[in-house]
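The values are calculated or read from the model by the stated rules, or taken from the named source; none is laboratory data. A quick note: this is a predicted structure, and the numbers were derived from the prediction, not measured. Reconstructed Cβ throughout: ideal geometry from the backbone, glycine too, with neighbour counts over all protein chains shown.
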Amino acid sequence: MVYTAAYLTALGRQLLWFAGVATVVAVAEYLAPAGPHPPLRERVGNFLIVVSVAIPLAGLLSLAEFVPRTMISTGLVGVVFGSWHPSSLGGLLAATLAYAFVWDSFQYWSHRVQHAFAWLWPAHALHHDDDRVNSTTALRNTLWSGVLGFFLVHLPTLLICGFDLLTVYGAYALFATFGFFNHANVRLRLGPLTPVISGPQWHRIHHGRDPEYHDTNFAAFFPVLDVAFGTYRRPVGNEFPATGIDGRARPPLGARQLVRDVLGLAPRP
């Protein structure tokens, strides 16, 4: 497992971006909260989790060396239809949306099976183990969730779309910004756009503590996937449910608990 200076620099730059976005969203969270505010230590704890997961996941990047260069560049779309490099603003937006939809289609099923099978649930439970869901909850994922995401979501998307379809700006908008928005602890309703884009109220339903909210709203970007596969749960009026997992108390985050979180181990009673 090799950690290059370039990777560590990119990781540091991304964490600074995360911190900036989370700070901006936190202002909205305090102005119009949908639920209880997390203390600062919980927000910092979620950043520690994402750092602890991101470093070992770097080893998976080396697997890209076994993918043919053409596939990495243009993907299956480029192999079948020829290379396409969008240049106009409309083309860039269309390419970003196409990439996002392919990614979210794989993400939907990867996410859904982690809820459906007991042996996969520990990989994902940490993300739901937050009774004060907020923008930094987007960072709260286990190492195994990252591994599953790489093989079941990122790699298939890369093989279909390649790198060229998504600009660095699109990548930041989708994967380094959007999660802070739809996890935000804000009383924001999207109205007629609710079935179109994953917003804070709609995604909060997915994190709802009560059984009526379980196994709904799996999409990361496009709720139409839930509509298509029968898991769509539209918020009703001013519905912002309590979040978290019943019977799973959260101990203070220390070094041992951080390791348990990263490895997907339940907190000690």
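A compact table of results
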read-out	value
Unmet requirement for Thr137, which otherwise passes all of (1) under 23 Å from Thr96 (Cβ atoms); (2) surrounded by 15 or more Cβ atoms within 10 Å (Cβ to Cβ)	(1)
In the stretch 220-261, residue surrounded by the fewest Cβ atoms within 10 Å (Cβ to Cβ) [restricted to those that are more than 19 Å from Val186 (Cα to Cα) and among the aromatic types (Phe, Trp, Tyr)]	Phe229
Residue count for the stretch 67-121, restricted to those that are among the hydroxyl-bearing types (Ser, Thr, Tyr), modelled with pLDDT under 90 and under 21 Å from Phe151 (Cα atoms)	3
Any hit, the stretch 226-240, residues being charged (D, E, K, R), under 19 Å from Phe181 (Cα atoms) and out of contact with any helix residue (DSSP H, G or I) (no Cβ under 8 Å at 6 or more places or on another chain)	no
Cross-chain or 6+ apart pairs with Cβ under 7 Å, the stretch 150-172 first and within 21 Å of Pro56 (Cα to Cα), then among the small types (Gly, Ala, Ser) and modelled with pLDDT of 90 or more	Leu152/Ser110; Val153/Ser110
Scope the stretch 189-206; condition more than 17 Å from Ala138 (Cα to Cα), aliphatic (A, V, I, L, M) and assigned to a loop (DSSP other than H, G, I, E, B); matching residues	Leu190, Val196
Top-ranked residue in the stretch 207-219 [being free of Cβ contacts under 8 Å to residues at least 60 places away in the same chain and in a loop (DSSP other than H, G, I, E, B); ranked as surrounded by the most Cβ atoms within 10 Å (Cβ to Cβ)]	Asn217
Number of the exception - Ala95 against (1) assigned to a helix (DSSP H, G or I); (2) surrounded by 18 or more Cβ atoms within 10 Å (Cβ to Cβ); (3) out of contact with any Ser or Thr (no Cβ under 9 Å at 6 or more places or on another chain)	(3)
Whichever residue in the stretch 220-242 is in a loop (DSSP other than H, G, I, E, B) and without any contact (Cβ under 8 Å) to a residue 40 or more places away in the chain and, among such residues, is farthest from His128 (Cα to Cα)	Gly237
Restricting the stretch 253-269 to residues that are assigned to a helix (DSSP H, G or I) and under 19 Å from the mean Cα position of the chain (by Cα), the residue that is farthest from Pro56 (Cα to Cα)	Asp261
Leading residue by the ranking (farthest from Thr23 (Cα to Cα)) among those in the stretch 173-206 that are free of Cβ contacts under 8 Å to residues at least 24 places away in the same chain and of a type in the set (A, V, I, L, M, F, W, C)	Leu193
Selection status of Leu143, touching a helix residue (DSSP H, G or I) at 6+ places or on another chain (Cβ under 8 Å), surrounded by fewer than 22 Cβ atoms within 10 Å (Cβ to Cβ) and closer than 23 Å to Ala54 by Cα	yes
Odd one out for Arg250, checked against (1) within 25 Å of Arg41 (Cβ to Cβ); (2) under 20 Å from the mean Cα position of the chain (by Cα); (3) basic (Lys, Arg)	(2)
